[in-house]
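Okay, so here's the structure we're looking at.
The values are calculated or read from the model by the stated rules, or taken from the named source; none is laboratory data. Model, not experiment: these values are computed from the prediction. All Cβ positions, glycine included, derive from the backbone under ideal geometry; neighbour counts span all protein chains shown.
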Amino acid sequence: MSNELKTHPEIIYPEVAVNTYKPNNPVEVPVLENRLATLEVSPNIIRHITLDVSGTELDGNIRSGQSIGCIPEGFTERDGKPAKVRLYSVSSPSRGEDGKSNIVAITVKRVIEEDQHTNNLFLGLCSNYLSNLKPGDTLKITGPSGKRFVIPENANDFNYVFFATGTGVAPYRGMITDLLENGFGNQVALIFGCPYRTDLLYYDFFRELSVRHENFHYLTSISREGTRPDGTKNYVQYQLLDSREVLQPIVSQKNTLIYVCGLKGMELGLFQVMAREGFSDYLRIDEEIRDKPPSEWVVEDLKKRVRPGERMFLEVY
Ligand code: A2P
C-alpha cells in the first residue's frame, strides 16, 4: 500500500436509476425464496428474501447500496390509514443475486418487541408481513432509492472499510461482491457487529470470500459474549483498536472510504474512536470544538458538532 497520496482522488458518483416506481405506482413482483440469513437459528430472526423483478424496469437497474420500498398490502397503520412504504436495502450485488439481474434480495429482521408499560407484544408490521411471505406470493415494491450510499464509479481508486451492525450489513453483501468479483486489488474490510454468534449474518458467505481474497478482511464484534479487557462491550468501533494491525494501515490511507450502516447511535462511538486514534480527517468537526482534544468530547459534542466528512458515508436508522 502506498502512503504517498496527499489527498484523496475525486469521488465520482455513478448514475443510478431512482424512483422508477413510486408509492402511487408500485410494481407487483413474485417472491422466489425466503430463508434465514443468520448462521444458526436465533431469537434474532433475520430473513433473506429474494424477488423476481423480470419484465420490470428494475431488472438490471438496481445498484447495490440502493434500497427498494416494500408495501405491506392490506395492512393499516395505527391511525387506520393504509400501510405506507418501508425502505429496505438491497442485499444482492448490482449484477443481481447469483449474477441474475432479474433477482433482487432484501434482508429483513422480524421486529418483535414488548411494550414496557403494558407487557403487550408488538410485532413490526412490515417486517413480519415480509418475513411471512412464501415463495409464489407477490409483493408490491417501489424504487430504487438512494444515490450516495454506493460504490463510486471509479471504484478502483479507493480502499473500503465497511462498518455494520445487524441488518446494516445488507448493502455490503452486494457492494463487497461487486468489488471482489471485478478483480479489485485494493483493500476491503468489513466489521460486523451483532449480539451473539448465532446472529452472524451471511457468515459463511463472508468467511468464504475472505478465504478466497486476501485483500478482504472480515472482522466480527460479538457484543454479548464477554467484554473487552477494560470491561467495554465488543462494539464494531473498537476493532480499530483491537484489530489495529489489520485496520489502521488501511484507514490511514488517503484514498480509503468508510461506510457505516446500522443502528442509529453507532456513529457516535465510531466518531470518538476515530478522532482519538488520529483519523479525524474523515470527520467534519465544528469550529467550536476544533481545539478540544477528542478525549474530552462529550456526547453533546459528538451529536451536534461532529459529522461525517467527504470520505465517510452514513446510513443509520
Ligand atoms: P448490544 O445490543 O449488545 O448493546 P442487532 O441489530 O442484531 O441487535 O445488532 C446490533 C449490534 O450493535 C449489537 O451487537 C448491539 O449490541 C450493537 N450496538 C448497540 N449499540 C451500539 C453502539 N452505540 N455502537 C456500536 N454498536 C452498538
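Go through segment 235-254 and report how many residues are assigned to a loop (DSSP other than H, G, I, E, B) and touching a helix residue (DSSP H, G or I) at 6+ places or on another chain (Cβ under 9 Å).
The total comes to 2.
Report whether or not Val108 is surrounded by 19 or more Cβ atoms within 10 Å (Cβ to Cβ), away from the ligand (no atom under 16 Å from the Cβ) and either at pLDDT 95 or above or not in a loop (DSSP other than H, G, I, E, B) (or both).
Considered against the rule, which asks whether it is surrounded by 19 or more Cβ atoms within 10 Å (Cβ to Cβ), away from the ligand (no atom under 16 Å from the Cβ) and either at pLDDT 95 or above or not in a loop (DSSP other than H, G, I, E, B) (or both), Val108 comes out as no.
Among the residues of segment 175-198, is any more than 19 Å from Leu257 (Cα to Cα) and without any contact (Cβ under 8 Å) to a residue 40 or more places away in the chain?
No: zero hits.
Can you name the condition, by its number, that Ser67 falls short on among (1) part of a loop (DSSP other than H, G, I, E, B); (2) hydroxyl-bearing (Ser, Thr, Tyr); (3) touching a residue at least 60 places away in the same chain (Cβ under 8 Å); (4) in contact with a strand residue (DSSP E or B) (Cβ under 7 Å, 6 or more places away or on another chain)?
The one condition Ser67 does not meet is (1).
Restricting to segment 218-233, name every residue that is near the ligand (Cβ under 8 Å from one of its atoms) and either more than 23 Å from the chain's Cα centre (by Cα) or assigned to a loop (DSSP other than H, G, I, E, B) (or both).
First, pick out the residues of segment 218-233 that are near the ligand (Cβ under 8 Å from one of its atoms): 221-224, 233.
If the condition is that a residue be near the ligand (Cβ under 8 Å from one of its atoms) and either more than 23 Å from the chain's Cα centre (by Cα) or assigned to a loop (DSSP other than H, G, I, E, B) (or both), then Ser223, Arg224 are the ones that fit.
Taking Gly226 as the residue in question, decide whether it is under 28 Å from Asp157 (Cβ atoms) and not hydroxyl-bearing (Ser, Thr, Tyr).
Taking the combined requirement at face value, the residue does not satisfy it.
Answer with yes or no whether Pro135 is part of a loop (DSSP other than H, G, I, E, B), away from the ligand (no atom under 15 Å from the Cβ) and either under 23 Å from Leu201 (Cβ atoms) or modelled with pLDDT under 95 (or both).
Answer is yes for this residue.
Residue by residue, here is whether (1) farther than 22 Å from Val90 by Cβ; (2) modelled with pLDDT of 95 or more; (3) in contact with a helix residue (DSSP H, G or I) (Cβ under 6 Å, 6 or more places away or on another chain); (4) crowded, with 17+ Cβ neighbours inside 10 Å holds:
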{"residue": "Arg173", "(1), (2), (3), (4)": "no, yes, no, yes"}
{"residue": "Gly185", "(1), (2), (3), (4)": "yes, yes, no, no"}
{"residue": "Leu201", "(1), (2), (3), (4)": "no, yes, yes, yes"}
{"residue": "Asp204", "(1), (2), (3), (4)": "no, yes, no, no"}
{"residue": "Tyr218", "(1), (2), (3), (4)": "no, yes, yes, yes"}
{"residue": "Thr227", "(1), (2), (3), (4)": "yes, yes, no, no"}
{"residue": "Lys233", "(1), (2), (3), (4)": "yes, yes, no, no"}
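Hey, could you check segment 111-126 for residues that are surrounded by 10 or more Cβ atoms within 10 Å (Cβ to Cβ) and part of a loop (DSSP other than H, G, I, E, B) and say which is nearest to the chain's Cα centre (by Cα)?
Going through the qualifying residues, I end up with Val111.
Name, by its number, the condition in (1) under 22 Å from Met175 (Cα atoms); (2) part of a helix (DSSP H, G or I); (3) free of Cβ contacts under 8 Å to residues at least 60 places away in the same chain that does not hold for Met274.
Only one criterion in (1) under 22 Å from Met175 (Cα atoms); (2) part of a helix (DSSP H, G or I); (3) free of Cβ contacts under 8 Å to residues at least 60 places away in the same chain is unmet by Met274, namely (1).
Please work out if Asp286 is more than 24 Å from Ser221 (Cβ to Cβ) and buried (at least 17 other Cβ atoms within 10 Å of the Cβ). Show your work before the answer.
Values: more than 24 Å from Ser221 (Cβ to Cβ): yes; buried (at least 17 other Cβ atoms within 10 Å of the Cβ): no.
Answer is no for this residue.
Among the numbered criteria (1) surrounded by 13 or more Cβ atoms within 10 Å (Cβ to Cβ); (2) modelled with pLDDT of 95 or more; (3) part of a loop (DSSP other than H, G, I, E, B); (4) not aromatic (Phe, Trp, Tyr), which one does Gly55 miss?
(1)
Starting from segment 5-23, keep only residues that are under 13 Å from Glu57 (Cα atoms), then list their pairs with residues that are in a loop (DSSP other than H, G, I, E, B) and among the acidic types (Asp, Glu) whose Cβ atoms are within a distance under 7 Å, requiring at least 6 positions of separation or different chains.
Within 7 Å, the pairs are Thr20/Glu57.
Looking at segment 161-207, which of its residues are in a helix (DSSP H, G or I), within 16 Å of the ligand (Cβ to nearest atom) and among the hydrophobic types (A, V, I, L, M, F, W, C)?
Correct list: Val169, Ala170, Phe206.
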